[in-house]
1. Do we find that residue 119 is open to solvent by 60 Å² or more (accessible area, probe 1.4 Å) and within 12 Å of the ligand (Cβ to nearest atom) in this structure?
2. Could you list, in sequence order, all residues of region 272-305 that are aliphatic (A, V, I, L, M) and either in a helix (DSSP H, G or I) or open to solvent by 40 Å² or more (accessible area, probe 1.4 Å) (or both)?
3. Can you go through 59, 86 and tell me which one is open to solvent by 10 Å² or more (accessible area, probe 1.4 Å), within 21 Å of residue 217 (Cα to Cα) and touching a helix residue (DSSP H, G or I) at 6+ places or on another chain (Cβ under 9 Å)?
4. Can you name every residue in region 131-161 that is open to solvent by 50 Å² or more (accessible area, probe 1.4 Å), part of a loop (DSSP other than H, G, I, E, B) and away from the ligand (no atom under 12 Å from the Cβ)?
5. Among the residues of region 178-197, write down those that are under 14 Å from residue 210 (Cβ atoms) and either buried (at least 18 other Cβ atoms within 10 Å of the Cβ) or touching a Pro at 6+ places or on another chain (Cβ under 9 Å) (or both).
6. Do we have residue 237 as of a type in the set (Val, Ile, Thr), at pLDDT below 95, open to solvent by 20 Å² or more (accessible area, probe 1.4 Å) and not in a helix (DSSP H, G or I) here?
7. In region 210-234, which residues are open to solvent by less than 30 Å² (accessible area, probe 1.4 Å) and either touching an Asp or Glu at 6+ places or on another chain (Cβ under 7 Å) or outside any helix (DSSP H, G or I) (or both)?
Amino acid sequence: MTQPDPGTRLADAPSRFAGLPGDIAVSFEFFPPKGDKGDEQLQRTVERLAPYEPDFVSVTYGAGGSTRAGTITALERIVGSTSVPVAGHLTCVGASKVEVNEVAERYRAMGVTHIVALRGDASPPGTPYSPHAQGYRGAAELVEALARTGHFDISVAAYPEAHPESPSVEDDIANLRRKVDAGANRALTQFFFEPETFLRFRDRAVAAGIDVPIIPGVLPITNFKQTCKFAGICGATIPDWMANAFDGLDDEPAIRNLVAATLAAEFCGKLYEEGVRDFHFYTLNRADLSYAICHLLGLREKAREPVAA
Ligand SMILES: Cc1cc2nc3c(=O)[nH]c(=O)nc-3n(C[C@H](O)[C@H](O)[C@H](O)COP(=O)(O)OP(=O)(O)OC[C@H]3O[C@@H](n4cnc5c(N)ncnc54)[C@H](O)[C@@H]3O)c2cc1C
């Protein structure tokens, strides 16, 4: 399919999604499920999204380092059931360096050589972080240790609105720079809801000499109240217009999903227009919203080519 010049396409297109060639790369984040129902849902979600051939799918590590076993089990299942590249999240919290290194080696033994290296948070939320006496003090130290082994592809976290403990965006970007200098290959961002927030952050990071890909983290909202709670904990701003969009829909899950899909698609469409081609989806172990957004952005399952516009 021949693509018109982007400027012409945007001015004349009936929709910002018209004729997109699917020239995006995606990754999908999951959390370790609980119980048989959760296991089945994650399996279905992975099977639904795998035909998009994501760059990778990742499994989080529980708050306070709590789901080590669950993360390993979920990673094993995904590795055993698909050919999609898999990344394991790994945090420093509540564990010695030796224990953290053991988990990294466990990942490697099962063929998972991409690690999302994080500091983690103390539990319960709001408890000040203090490193384990024999542990890594923060993500940069963990990245350095993983990179030294030469065995791992390493992703790290970035915060378009600054990490809540950071005194300023500049300090936080300096911290990201430390992680990149220590050996990180890419940064995945915290979720945010205004495309400009990411674009400004990316510009500042590039100006600070950060030369690895910075991939926006996209959270398609499935539960607005819960999203507000998460956002409060991790310092992400919920714009007033978004609260308004979900107003009165607490007991209308189907309509809420339609609204969520519309907003998330518009959000990703704007990022796409600004040249973003990589997207990391916080799926919350559900496929539909992420699948729909990728579809609108022109992505098709490997066997199905996009129909010419
Ligand atoms: C994409 C993504 C995935 C995540 N996955 C998980 C997960 O699986 N499990 C989980 O528990 N949490 C996860 N988190 C949350 C993360 O663990 C928390 O946000 C945590 O508070 C910070 O982790 P970090 O790796 O960014 O820490 P760090 O990069 O170590 O930074 C933590 C704070 O310390 C500051 N800092 C660090 N070093 C210095 C220094 N030398 N001088 C001054 N300030 C410094 C930073 O600016 C920042 O404020 C994820 C976050 C993101 C964005």
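The values are calculated or read from the model by the stated rules, or taken from the named source; none is laboratory data. The model shown is predicted, which means the values in this text are computed figures rather than measured ones. Cβ placement follows ideal geometry from the backbone for every residue including glycine, while neighbour counts extend to all protein chains displayed. We work out accessible area using only protein heavy atoms, side chains counted, and drop any ligands, DNA or RNA first. Shrake-Rupley method; radii C 1.70, N 1.55, O 1.52, S 1.80 Å.
1. no
2. 284, 289, 292, 293, 296, 303 - these are the residues of region 272-305 that are aliphatic (A, V, I, L, M) and either in a helix (DSSP H, G or I) or open to solvent by 40 Å² or more (accessible area, probe 1.4 Å) (or both).
3. Answer to the selection: 86.
4. If the condition is that a residue be open to solvent by 50 Å² or more (accessible area, probe 1.4 Å), part of a loop (DSSP other than H, G, I, E, B) and away from the ligand (no atom under 12 Å from the Cβ), then 132, 133, 134, 150, 151 are the ones that fit.
5. 179, 180, 182, 183, 184, 185, 186, 187, 188, 189
6. no
7. Matches in region 210-234: 210, 212, 214, 215, 216, 217, 218, 219, 220, 221.
Condition check ((1) within 12 Å of the ligand (Cβ to nearest atom); (2) outside any loop (DSSP other than H, G, I, E, B); (3) more than 17 Å from residue 179 (Cβ to Cβ); (4) in contact (Cβ under 8 Å) with a residue 24 or more places away in the chain) across all residues:
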{"site": "89", "(1), (2), (3), (4)": "yes, yes, no, yes"}
{"site": "93", "(1), (2), (3), (4)": "yes, no, no, yes"}
{"site": "107", "(1), (2), (3), (4)": "no, yes, yes, yes"}
{"site": "125", "(1), (2), (3), (4)": "yes, no, yes, yes"}
